[in-house]
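Asker: After the structure tokens below, expect a handful of questions from me.
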Amino acid sequence: MTHDILTHERLTRRAFLKGAGSLVVTFTFLPQRSSAADAAAPGKSVATNAVDGFIEIHPDNTVTIYSGKVDLGTGVRTAITQIASEELDMPLTAVSVIQGDTLTTPDQGVTFGSLSIQVGGMQIRQACATARAVLVQRAAERFKVPASVIKTHEGQCWNGSERVPYATLIETEGLILKVDPKALLKAPADYVIVGRSVARLDIPGKVTGRFEYMQDFRLPGMLHARVIRPAGVHAELLSVDDSAARKLPGFVATVREGNFLAVVSRTEWGAIQASQAIRPVWSDWQGLPEQDKLWAYVRNTAVSKSEDLQKVGDPAAVLQQSPKALRATYDFAIHTHGSIGPSCAVAEWKDGKLTCWSASQQTHLLRKQLAQMMKVPDADVRCIYIDGSGCYGRNGHEDAAADAVLIAKVVNQPVRVQWMRADEHGWDPKGPPTLLDFAGAVDETGHIAAWSSQAYIPQRPAQVSVTLLTADLANMPHEDAHPGNVHQALAIGYQVPNLKTTVHSLSHTPFRASWIRAPGRMQNTFGNESFMDELAHAAGGDPVAFRLSHLNDARGRECLERVARLAQWQPRTTPASTEGDVVRGRGVSYIKYELVRTYVAVVADVEVHRKTGKIRVTHFYVAHDCGQIINPDGLKNQLEGNIIQTISRTLLEEIKFDRSHITSLDWKSYPILTFPEVPTIAMDLIDRPNEKPWGAGEPTASVVPSAIGNAVYDALGVRLRSVPFTPQKVMQAMRTTI
Amino acid sequence: MSQTYTLKVNGATHTVTADDPKMPLLYALRNDLALRGPRFGCGLGQCGACTVHLEGVAVRSCSVPISDAAGKSITTLEGLGSPEHLHPIQQAFVDEQAAQCGYCINGMIMQAKALLDHNQHPSEQDIRDALALNLCRCGTHARIIRAVQRAAAALA
Ligand code: FES
Ligand code: FES
């Protein structure tokens, strides 16, 4: 695909041209205001129902948007800029975004679940629509004409002959208003910015080394710290000998608080050396399960609560009467986020008040957690977001923040904590192990007669937060870990007369859990869509046709039909021929995300080497319907990323551990997909400009493992029910099937 | 203990003091020279985020002691171009919108530059092989490949 680059001047001429779908539009944007450097706007509202919570129009007629949702490398900043610019009728170049600063941005919730646009962006859109309506009203009064006469364009109101900039209209009265939930939104047919591939604002800085990441942020007088984690997950710190560390130039302090241990130096290298020179003695702790008995361990973990998500008819009775009922167990390994840049944060205490800079996806929540940990009022804590390395969920950013906060308090100077690679792999919270049992039966008409699924997943505390590791180690106040809403997507959207989907919440999981891209949805969908394939084959049906025959949702059907067309799918009912060493197959998978939003259907093409068991995904096809598309190229970027990352998780990734601690501590012991293994990807984006924009990104991730597993079945006639699909597991499955 | 080193970075000469001759070059570039192109990813030579050119060769600055780099010519991402004057490879990454979080992109561009310096007409396979040891977690690979192809065409 080639992109035509449009400058701002050319856009204004070409903006109204139709059919410019694949263009990427580039602008010279306002230098983004660095929230770090910004003086606090005294008294600025941070209410989510106040226009001035989200919008500030400056005297030079530029505007700042305050977004509680942050850009985790997904292009959210650009998309929010587009939404605000469109709804305000402001030039794109006049809009800048401040994200995730607890002092100035409204609390729009954690940046997760592919909800930034669907929820966060829509709050901002409504605030902008409210503002525009009021500006129009004020202009009407000024010009003494009815409001219906006033048009808005490029940050100005005009009555056909005279113009007045927005900035003038707020000079006396400001913009202190409640968001009007009924304020009329612009008609999508009039959009000139939303729906277009506006170039990402951050990319020029990122490709030239000018962009400031969290890891680049520095404060005057700042010290460098490194953490030293326990030798066993719950080992006790018995003693510390830091005599060698103390001799290093620049050494400042050893910080010890319970089982929390860190060293502080004037230089970064000094801190690293000190962390290697220090000699802690830890108690022998061996409380982890044996890795190769993990699934027995999960199955035997006490269930604290069981809950039926769906219950229709009587699947148990039907299954009992079906001589050919199918039963299958699926499992999905423990994964790390694997951010390329390990977590980093800076903290500073001044007059009892704390400021903490981090790449947290949840600065408002982090503020509460830090306040709780340090026993200070929320109001004394300010958390500021600075972009970090991509994080795909709740990784180590918040823990590094808490590390910095505690150390800065002890040494009474600003402190930067940078986790090392082993800290990140070893101690970021993990995607928990997931076990799924299925049973199903098909009737003589080739339809599903009964479906029963049971998921074994960690329980969820009421509070949506994950323990701060620092607080846990240092024995300071903290709450329980939260794995995310991992029950989601176990329920299915297919028409089945006898159906039961059940979640068993386990009282314990081996590692601190958190949400990682498509949490639970990926694991549950792996089971659902693989088992759907098993039933299709049991019924002798083509996997696409079989799905369609159980689906009466028009948008879902269209999505499946379009991916079949895109992939030139040929009906297939038996595994492909198994001649030769390398066999090929293709598999399909589908989801309506959480049964209420984005539709995705994918086809994966694979090659499997029968002598080595190695799988290569060669092509991926995706049809995607998330309603209104804000930025087509940004959407494609997200879908590509979600597919490639999830192929990696499916084929390669598994956290390894011994009885004491994680042993996958670097990229050798936890390999991820590399360039030679990346497939080609074809996409069909279904745009529905008059619908709401739904989340995009992780819905696509959720269908990847099952599509690959189904393709392997198509190639080999062997069903893979355990992620990752390592060569050993493929060979093992071939031996047991044949 | 502390010693002075001369670093020739992006055409300018700097004097840097370090306490340890084994301190990796990366820390001097980032902390003493305030450069943001080379990034800390693993410190183990496994990811490529820290890549710079040393005498025209792509190296992992997390694994090169400052004492080995002293006096040699070093180029970082900043030395290729600026947002106002993008190098053709940087331009190609912008044109293809080849970044998500962008944390790996320094390594991708510096490694691609090393490839294109020696192979003006790389095949897609050449590009994949040249970048095989550079890790990206966001899954931007497909775009990065297209960007390097575009850059090759622009430079040829
Ligand atoms: S930081 Fe140097 S290779 Fe990873
Ligand atoms: S773009 Fe995020 S690691 Fe490559």
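Asker: Residue by residue, what Karplus-based ³J(HN,Hα) values in Hz, rounded to whole numbers, does the range A:369-378 have, using 6.51, -1.76 and 1.60 with θ = phi - 60° and x for Gly and Pro?
Answerer: 5, 5, 4, 5, 4, 8, 6, 10, x, 3
Asker: Working with all protein chains in place, sort A:R132, B:R30 by solvent-accessible area computed with a 1.4 Å probe, largest first. Write out the running numbers ahead of the final one.
Answerer: Numbers: A:R132 45, B:R30 15 Å².
Sorted by accessible area, descending: A:R132, B:R30.
Asker: For a quick check: with amide H placed at 1.01 Å from N, whose amide H comes under 5 Å from A:A449's, ignoring anything fewer than 5 positions away on the same chain?
Answerer: Amide H to amide H, under 5 Å and 5 or more residues apart or across chains, A:A449 pairs with A:A441, A:V442, A:D443.
Asker: Could you list which residues have their amide H under 5 Å from that of A:A199, counting only those 5 or more apart in sequence or on another chain, with H placed in the peptide plane?
Answerer: A:V25, A:T26, A:F27
Asker: Here's another thing I want to ask about it. Rounded to the nearest 100 Å², what is the buried accessible area between A and B, both sides summed, probe 1.4 Å? Provide the component values of the computation, followed by the final result.
Answerer: Values: alone 28850 and 8130 Å², together 31770 Å².
Between A and B, the summed buried area is about 5200 Å².
Asker: Please give the solvent-accessible surface of A:S722 in Å², to the nearest 10, using a probe radius of 1.4 Å with every protein chain present.
Answerer: For A:S722, the solvent-accessible surface is approximately 20 Å².
Asker: Just how far, in whole angstrom, is the range A:131-209 from the range A:631-671 if you go by their alpha carbon centroids?
Answerer: 42
Asker: Further, regarding this structure: Report, by chain and number, residues whose modeled amide H sits under 5 Å from the one on A:L223, excluding near sequence neighbours (fewer than 5 apart, same chain).
Answerer: Under 5 Å from the amide H of A:L223: A:V415, A:R416.
Asker: Moving on to the next point. How many Å² of accessible area per residue for chain A, probe 1.4 Å?
Answerer: Details: 26320 Å² over 738 residues.
Solvent-accessible surface per residue comes out at 36 Å².
Asker: Under the rule a/c < 1.5 gives rounded, and otherwise a/b versus b/c splits prolate from oblate, where does the range A:192-348 land using the Cα gyration tensor?
Answerer: On the way: a/c = 3.74, a/b = 1.46, b/c = 2.56.
It is oblate, given that a/c is not under 1.5 and a/b is not larger than b/c.
Asker: Picking from A:P106, A:V70, A:M90, whose Cα lies most toward the positive end of the charge dipole for the range A:64-110 (charges on Cβ: Lys, Arg +1; Asp, Glu -1)?
Answerer: A:V70
Asker: FRET efficiency for A:A189 and A:A167, Cβ-Cβ distance as r, R0 = 25 Å, nearest 0.05? Don't jump to the answer; show the numbers that get you there.
Answerer: Values: r = 29 Å, r/R0 = 1.15.
So, using R0 = 25 Å, E works out to roughly 0.30.
Asker: By how many nm would the segment from A:H508 to A:K247 grow when fully extended, if each residue of separation counts as 0.36 nm and the alpha-carbon distance is taken off? Let's see the in-between values first.
Answerer: Numbers: separation 261, 0.36 × 261 = 93.96 nm, distance 4.32 nm.
This chain segment gains 89.6 nm when fully extended.
Asker: What size of dipole, in debye to the nearest 20, comes out for the range A:523-737 about its Cα centre when the only charges are +1 on Lys and Arg C-beta atoms and -1 on Asp and Glu C-beta atoms?
Answerer: On the way: 25 positive and 25 negative charges, 93 e Å.
Dipole magnitude for the range A:523-737 comes out near 440 debye.
Asker: Next up: In whole Hz and in residue order, list the ³J(HN,Hα) couplings for the range A:147-152 that follow from phi through the Karplus curve 6.51 cos²θ - 1.76 cosθ + 1.60, θ = phi - 60°; x for Gly and Pro.
Answerer: These are the phi-based 3J(HN,Hα) values: 4, 5, 7, 6, 10, 10 Hz.
Asker: Let's see if you can work this out: charge +1 on each Lys and Arg Cβ, -1 on each Asp and Glu Cβ, no other charges. What is the dipole magnitude of the range A:187-305 about its Cα centre, in debye to the nearest 20?
Answerer: Values: 15 positive and 12 negative charges, 39 e Å.
In debye, rounded to 20, the range A:187-305 gives about 180.
Asker: Would the protein assembly as shown count as rounded, prolate or oblate if I go by the C-alpha gyration tensor, calling it rounded below 1.5 in a/c and otherwise prolate when a/b exceeds b/c, oblate otherwise?
Answerer: Details: a/c = 1.39, a/b = 1.09, b/c = 1.27.
Rounded is the answer for the protein assembly as shown, as its axis ratio a/c remains below 1.5.
Asker: May I pose another question? Over 30 Å between Cα atoms: which of A:K409/A:K656; A:K324/A:K611; A:K44/A:K182; A:K311/A:K592; A:K178/A:K409; A:K69/A:K500 fall into that group? Can you show the working numbers first?
Answerer: Values: A:K409/A:K656 35 Å; A:K324/A:K611 32 Å; A:K44/A:K182 24 Å; A:K311/A:K592 19 Å; A:K178/A:K409 39 Å; A:K69/A:K500 36 Å.
A:K409/A:K656; A:K324/A:K611; A:K178/A:K409; A:K69/A:K500, as the Cα separations exceed 30 Å there.
Asker: At what distance in nm do the modelled label points of A:D581 and A:K409 sit from each other, each positioned 7 Å from its Cα along Cα→Cβ?
Answerer: Spacing of the two 7 Å Cα→Cβ label points: 6.1 nm.
Asker: Would you mind calculating the relative contact order of the range A:551-600 from Cα pairs under 8 angstrom and at least 6 residues apart, reporting the percent as a whole number? Mind showing how you got there, number by number?
Answerer: On the way: 24 pairs, mean separation 19.5, N = 50.
Here the relative contact order equals 39 percent.
Asker: Using only the heavy atoms of the protein chains and a 1.4 Å probe, how would A:T598, A:T172, A:T726 rank by accessible area, largest first? Walk me through the numbers before you get to the answer.
Answerer: Values: A:T598 0, A:T172 130, A:T726 25 Å².
Descending order: A:T172, A:T726, A:T598.
Asker: Something else: Restricting the count to DSSP beta bridges whose residues both fall in chain A, what percent are antiparallel, rounded to a multiple of 5?
Answerer: So the antiparallel bridges in chain A amount to around 70 percent.
Asker: Rounded, prolate or oblate for the range A:523-737? Axes are the square roots of the Cα gyration tensor eigenvalues, ordered a ≥ b ≥ c, and the cut-off for rounded is a/c under 1.5. Intermediate results must be reported in sequence, preceding the final value.
Answerer: Working: a/c = 1.84, a/b = 1.25, b/c = 1.47.
Note, shape of the range A:523-737 comes out oblate.
Asker: Work out how much length A:D443 to A:A231 would gain on full extension: take 0.36 nm times their residue separation and subtract the Cα-Cα distance, in nm to one decimal. Could the numbers behind the result be given before it?
Answerer: On the way: separation 212, 0.36 × 212 = 76.32 nm, distance 5.51 nm.
Working it through step by step, the gained length comes to 70.8 nm.
Asker: Then there is this: Would you kindly derive the ³J(HN,Hα) couplings of the range A:457-470 from the backbone phi angles with the Karplus curve 6.51 cos²θ - 1.76 cosθ + 1.60 (θ = phi - 60°), listing them in order in whole Hz, with x for Gly and Pro?
Answerer: Per-residue couplings from phi come out as 9, x, 5, 10, x, 5, 7, 8, 8, 10, 2, 7, 4, 4 Hz.
Asker: On to the next question. Mind grabbing the accessible area of A:L201 for me, 1.4 Å probe, Å², rounded to tens?
Answerer: Its accessible surface works out to 30 Å², give or take rounding.
Asker: Would you work out which of A:Q628, A:G556, A:S648 lies farthest towards the positive end of the dipole of the range A:523-737? Charges go on Cβ: Lys and Arg +1, Asp and Glu -1.
Answerer: Towards the positive end, the residue furthest out is A:S648.
Asker: Which of A:L326, A:S343, A:A302 sits farthest toward the positive end of the charge dipole of the range A:297-351, with +1 on the Cβ of Lys and Arg and -1 on the Cβ of Asp and Glu?
Answerer: Final value for the positive-end residue is A:L326.
Asker: Given a 1.4 Å probe and the protein chains all in place, what does the accessible area of A:D292 round to, in Å² to the nearest 10?
Answerer: 130
Asker: Mean separation of Cα pairs under 8 Å and 6+ residues apart, divided by the residue count of chain A: what relative contact order is that in percent?
Answerer: Working: 1721 pairs, mean separation 96.9, N = 738.
Contact order relative to length: 13 percent.
Asker: Would you calculate the separation in nanometres between label points at B:S2 and A:A554, each defined as 7 Å from the Cα along the Cα-to-beta-carbon direction?
Answerer: Taking the simple label geometry, B:S2 and A:A554 are separated by 7.3 nm.
Asker: Another question about this same structure. Which sequence of A:H537, A:H335, A:H478 reflects their accessible areas, 1.4 Å probe, from the largest down?
Answerer: Numbers: A:H537 35, A:H335 0, A:H478 70 Å².
Result, largest first: A:H478, A:H537, A:H335.
Asker: Which value, in debye to the nearest 20, gives the size of the charge dipole of the protein assembly as shown about its Cα centre, when Lys and Arg are +1 and Asp and Glu are -1 at the Cβ?
Answerer: Values: 90 positive and 89 negative charges, 52 e Å.
Using Cβ point charges on Lys, Arg, Asp and Glu, the protein assembly as shown gives about 260 debye.
The values are calculated or read from the model by the stated rules, or taken from the named source; none is laboratory data. In this text, all values refer to a predicted model and were calculated from it rather than measured experimentally. Reconstructed Cβ throughout: ideal geometry from the backbone, glycine too, with neighbour counts over all protein chains shown. These accessible areas exclude ligands, DNA and RNA; they are computed on the full protein's heavy atoms, side chains included. Shrake-Rupley method; radii C 1.70, N 1.55, O 1.52, S 1.80 Å.
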